[in-house]
Amino acid sequence: MAAPPPLTAVHARIEAYYGDKVARYGATPRGVDWTCAPTQELRFIQLLELCDFCRPFSLNDVGCGYGALTGFIARFHPRAEIDYLGVDLSRAMISRARRRHRGMAGRRFVVGSDIPRIADYGVASGVMNVMLDHPRALWEEFVADTLRRLRASSRLGFAVNFMARKPDGAETPGLYRTDPAPWIAFCRQALGSTAELVDGYGMREFTLLVRPAA
């Protein structure tokens, strides 16, 4: 599914931004714009609440960066049988991911905005946050498009996280902050799904666990 022309330009900006980050900081949390590994992994814990680790499953990791999530799963769920596919706009990120996880079974990485298969689950960690200098309305088109792609490619559901608004409502330049309600409504009305809100885990953000409506 090709992106609309305005979003193609957004994708190009994102690719350039993260290509620069990984060139500066390497395959580290700072290379994907997180401050440290503990907060990066705390987010992974919330996202993976969606998944049933008692049985084999397939997983699409959208905006996978250098593959930190699959490394986390290998450490904390070593017996899990997972067919993992990482997808990222950045060629530099995918190159790092392939080198980092070379020879590991059940892990593949591809470049692009398309999610090339249907999996049991999809996740996207931090994909919605770095708005750069895009107009808010355009960025929300990007968010909606990403959620549609995740819904179309996830058989049992998908999980995403967002930065929450500050108590005083102040904006943070370059970052996208939002309330959960509009995106919960979008998941229900546009995607035919339920969205479980996960918050209160120590950071000014929230996670949505989105499942097809019964």
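None of the figures in this text is laboratory data; all of them are computed from the coordinates on show. Just so we're clear, the structure is a prediction, and the values are computed from it rather than from any experiment. No Cβ is skipped: glycine too gets one built from the backbone with ideal geometry, and neighbour counts run over all protein chains shown.
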Q. Antiparallel DSSP bridges in segment 5-212: what percent, to the nearest 5?
A. 40
Q.
What are the ³J(HN,Hα) couplings of segment 177-191, residue after residue, when phi is run through the Karplus curve with 6.51, -1.76, 1.60 and θ = phi - 60°? Round to Hz, x for glycine and proline.
A. 10, 8, 8, x, 3, x, 7, 5, 5, 4, 4, 6, 7, 8, 10
Q) For the pair Ala12 and Thr35, what calculated FRET efficiency results from E = 1/(1 + (r/R0)^6), where r is the Cβ-Cβ distance and R0 = 35 Å, to the nearest 0.05? A) 0.85
Q) Based on the Cβ-Cβ distance from Leu42 to Asp179, what FRET efficiency comes out when R0 is 25 Å, to the nearest 0.05? A) 0.75
Q) Want the number for Cys54 to Ala105: 0.36 nm per residue separation, take away the alpha-carbon distance, what's left? A) 16.5 nm
**Q.** P(r) weight above 30 Å for the chain, C-alpha pairs, percent
**A.** 15
Q.
Could you work out the relative contact order of the chain? I mean the mean sequence separation of Cα pairs under 8 Å and 6+ apart, divided by the number of residues, in percent.
A. 19
Q. So for the chain, taking the charge dipole from beta-carbon charges (+1 Lys/Arg, -1 Asp/Glu), which of Val143, His101, Gly71 sits furthest toward the positive end?
A. His101
Q.
If neighbour count is taken as other Cβ atoms inside 10 Å, put Asp88, Asp199, Asp52 in order from fewest to most.
A. Asp52, Asp199, Asp88
Q | About the Cα centre, charge dipole magnitude for segment 97-214 (Lys/Arg +1, Asp/Glu -1 at Cβ), debye | A | 780
Q.
Could you work out [θ]222 nm for the chain from helices alone, using -39500 (n - 2.57) per DSSP H run of at least four and dividing by all its residues? Round to the nearest 500 deg cm²/dmol.
A. -11500 deg cm²/dmol
Q: Quote the charge dipole size of segment 108-171 about the Cα centre in Debye, to the nearest 20; the model charges only the Cβ of Lys and Arg (+1) and of Asp and Glu (-1).
A: 340
**Q.** Dipole magnitude (debye, nearest 20) for segment 29-169, charges at Cβ of Lys, Arg, Asp, Glu
**A.** 520
Q: Grab the Cα-Cα distance for Arg204 and Tyr25, subtract it from 0.36 nm times how many residues apart they are, and report the gain in nm with one decimal.
A: 62.0 nm
